[in-house]
1. On the given criteria, is G214 assigned by TED's automatic domain parsing to the domain that holds C79, more than 25 Å from T254 (Cα to Cα), out of contact with any Cys (no Cβ under 8 Å at 6 or more places or on another chain) and small (G, A, S)?
2. Mind telling me which of the residues V133, V140 ends up being in contact (Cβ under 8 Å) with a residue 40 or more places away in the chain, surrounded by 18 or more Cβ atoms within 10 Å (Cβ to Cβ) and either under 28 Å from K74 (Cβ atoms) or not assigned by TED's automatic domain parsing to the domain that holds V207 (or both)?
3. Having 1 or more residues that are acidic (D, E), surrounded by 13 or more Cβ atoms within 10 Å (Cβ to Cβ) and in contact with a Gly (Cβ under 9 Å, 6 or more places away or on another chain) is the bar; report the helices (runs of 4 or more DSSP H) wholly within the range 1-82 that clear it.
4. With the condition kept exactly as written, say whether any residue in the range 97-105 is surrounded by fewer than 20 Cβ atoms within 10 Å (Cβ to Cβ) and at positive phi.
5. Could you please give the count of residues in the range 93-122 that are hydroxyl-bearing (S, T, Y) and not in a loop (DSSP other than H, G, I, E, B)?
6. Can you spot a residue in the range 282-293 that is on the phi > 0 side of the Ramachandran plot and either in contact with a Pro (Cβ under 8 Å, 6 or more places away or on another chain) or surrounded by 20 or more Cβ atoms within 10 Å (Cβ to Cβ) (or both)?
7. D159 passes all but one of (1) crowded, with 17+ Cβ neighbours inside 10 Å; (2) in contact with a helix residue (DSSP H, G or I) (Cβ under 9 Å, 6 or more places away or on another chain); (3) within 22 Å of D101 (Cα to Cα); which number fails?
8. Pairs, please: C-beta under 8 Å, at least 6 apart or cross-chain, first residue free of Cβ contacts under 8 Å to residues at least 60 places away in the same chain and in the range 74-94, second among the small types (G, A, S)?
Amino acid sequence: MSDKIDLKNFTEKALVDYVEGIGQSSFRAKQIMGWLYRPNIKEFSQMSDLAKVFRAHLDEHAYISTFTEPILEKASDGCVKFGFRLFDGHILESVLIPEPDRNTLCISSQVGCAMGCTFCLTGTMGFIRNLTVAEIVNQVCAARDYLLEQPKEELIGPDRITNVVYMGMGEPLNNLDNVLDSLSILTNHKGLDVAARRITVSTCGIVPKLKELGENSTVNLAVSLHAITDSVRSSLMPVNKRYNIEELLEACRTYPMQKRKRIMFEYTLLKGINDSDMDARILSRKLQDIPCKINLLSYNECSALPYKSPDKERILAFQKILLEAHYTVFIRSSRGTDISAACGQLATGTK
């Protein structure tokens, strides 16, 4: 199969170029696109509005990739962690987070991660490789198919994926070309038809790539901040030694986004490190000229890492200071912790 082309790596525009390159009309690309992302489409023979000769050509030179037989773990709160084995033996993970009115899928953009954030278990894996466009998109396809296979009466939320967050394994902006192509497929009505307003890309702060993301997509941006001084942030997040807090915040001030949109700043509270009242006050000053909202996360403790989560009273006191400064502030409840599916807990072995 290595000499065949995986058509799920193509955006609609790339698919047009491909079919025209083999002597077909451009509208054939739209026909193919309309089939590729339907449930249970695995063979070109199923594409009944394509000529048999063309289907035979596609079958000889291309294929439709899928993730089959995922490793499934179900949490007590209803979250589902998917482990997908890739062609080279590596495993990537995605997490389905169901709620009564939505199903959010947290997807990965890389196997492992090069950023080395000291409080993140994924960072202990190191960087292995970027995911292809198809490998990113197929996470959504597989989770969608899983939902469609479940008895409706057993579902917590809808029978479809409503929201997608690029917050799994890896740094999305370090695989930006493939992430942008995957976003094109996710938001295409002939693709997976997820509204851009329901998709969020999270970054730890790859400053030179931020503008490119904003210029080429209208999805939501989340920025992992986690500290308000360079000394603390650099100790937690090595990326800060290259792009410090002021550089990152300046990139956020000039980030190209639609009116009324706001950047989500992610801030994981670590006991005794970044959770003081003074930290909250400085944070409120630093963000005052950026259209934003703030997501506070209680640290998901694990035995392999030394950090602890502050108690509930400390988290609420931190939030109160930000609320009094007129920010919109959420406290994110950890989901899937009993199957290591919460933020910062995705890590796998290989082969």
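The values are calculated or read from the model by the stated rules, or taken from the named source; none is laboratory data. Given the structure is predicted, the values throughout are model-derived calculations rather than measurements. FYI the Cβ positions are ideal-geometry reconstructions off the backbone, even for glycines, and counts take in every protein chain you see.
1. Here the answer is no, as G214 does not meet what is asked.
2. V140
3. 12-21
4. Within the range 97-105 (the criterion being surrounded by fewer than 20 Cβ atoms within 10 Å (Cβ to Cβ) and at positive phi), the answer is no, since none of the residues qualifies.
5. Applying the first criterion (hydroxyl-bearing (S, T, Y)) to the range 93-122 yields 94, 104, 108-109, 118, 122.
Those left that are additionally not in a loop (DSSP other than H, G, I, E, B): 94, 104, 122.
Qualifying residue count, the range 93-122: 3.
6. Within the range 282-293, not a single residue is on the phi > 0 side of the Ramachandran plot and either in contact with a Pro (Cβ under 8 Å, 6 or more places away or on another chain) or surrounded by 20 or more Cβ atoms within 10 Å (Cβ to Cβ) (or both).
7. Among (1) crowded, with 17+ Cβ neighbours inside 10 Å; (2) in contact with a helix residue (DSSP H, G or I) (Cβ under 9 Å, 6 or more places away or on another chain); (3) within 22 Å of D101 (Cα to Cα), D159 violates only (1).
8. Going by the 8 Å Cβ cut-off, the qualifying pairs are F84/S94; F84/A142.
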